[in-house]
Amino acid sequence: MKRGFTLLLSLLLALCLVQGAAAADFVESVTEVEPASGDLAPGEPIIVHVIVKLTGSGENTFDTNDELEAYTELEDPEWDYSVLVNSQGIPKQTTSRYVRLLGWDLAYPDSNDVTIDYALSGKVPAVTQTSDTTLFRLRQTDVNGNIPSGGELLLERTVINPGDVDKTRDLREEQIDELRISIDEYIALGVNVAAAEQLYTQAEEKIDQSKTASYSQANVLLADAGSLIDQAEASLEDAYSGKLITDAQVTIDTVNGDISYFINNRSMSGDTRVTAIQNKVALSETQMSQAK
């Protein structure tokens, strides 16, 4: 009997835990950022527009004990926000990094349609290294600071450190110089470097364009230049390998011609020296096929 009571108590506790699992009282309905994509540079203006709909739990649109906190890392933030009840509300403004709304201000009978409209503008902050920066973050928190499941909306973008772009440009200029040396060396060896030359020219143009572009654009241009340099180096290796294979094939064909002469013109088909050469040529042809 005691064991049965213990089991029943455990089941009741487990049920309480399941029922106590909190979920967010909002869902996002609109999320817009201008510019819409790409990395950002310090000082660049940003506009964020977010609308969330309160879904509530129980009889109210929001838990009265919780609060809703919006936050940004943008510099000089300017907020225009409204709590809209059945599409009606009074716009408010602030220049704080935080916008906090108490649960009592958001809890309406769930027969109402309640949305919060956030319009935020600001400037991208300076960073010491290229990293992600929070443009907009919305959190629902309880009295203990806990966030329920699905209770956070986060908009982040990569912000570029200008010093990192300058270092990348210096690296690309070193790589393009090394590529020029490699191309010239392969030309001296008689390798067809036409494809590598074309890729070299494209990479050089990207590097030059990065010098007058914005930091965010320069970052993309330099990344493209790095990819083109890698492709050019691979192209050189392929072209050189192709030349070695072609040269080796010429040698094999020449030796096969000599073997044919000794066999057909000198009647040396049974000569062990000719047989040894034939075996080596057969092995070379197998290796050539694998190389190709």
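3J(HN,Hα) couplings calculated from phi for the range 229-235 with the Karplus curve 6.51 cos²θ - 1.76 cosθ + 1.60 (θ = phi - 60°) are, in sequence order, 5, 4, 5, 5, 5, 5, 5 Hz; Gly and Pro show x. Based on alpha carbons, the Rg and Dmax found for the chain are 35.3, 109 Å. Computed per residue of the chain from DSSP H runs no shorter than four, each worth -39500 (n - 2.57), the mean residue ellipticity at 222 nm is -16500 deg cm²/dmol. Close amide H pairs (under 5 Å, H built 1.01 Å from N) link F62 with S57, Y108, residues at least 5 positions away or on another chain. In this simple spin-label model, placing a label point 7 Å from the Cα along the Cα-to-Cβ direction at both D271 and E34 gives a separation of 8.8 nm. Can you list residues whose amide H is under 5 Å from E44's amide H, if they're 5+ apart or on another chain and H is modeled 1.01 Å from N? Counting only residues 5 or more places away or on other chains, the set is V124. Taking 7 Å steps out from each Cα toward its Cβ at D80 and D132 produces label points 3.0 nm apart. Do any of K53/K92; K92/K123; K206/K243 go past 22 Å between their Cα atoms, and which? Correct reply: K206/K243.
Rounded to the nearest Hz, the phi-derived 3J(HN,Hα) couplings of the range 129-145 under the Karplus curve 6.51 cos²θ - 1.76 cosθ + 1.60 (θ = phi - 60°) are 8, 4, 7, 7, 10, 7, 7, 7, 9, 10, 10, 9, 10, 8, 5, 9, x, where x marks glycine and proline.
Distance distribution note for the range 150-257: the fraction of Cα pairs above 20 angstrom is 54%.
With contacts taken as Cα pairs under 8 Å at a separation of at least 6 residues, the chain carries a relative contact order of 15 percent.
Since every read-out is calculated from the coordinates, none of them should be taken as a lab result. All values reported here derive from a predicted model rather than from experimental measurement. Heads up, the Cβs are rebuilt from the backbone with ideal geometry, glycines too, and the neighbour counts pull from every protein chain shown.
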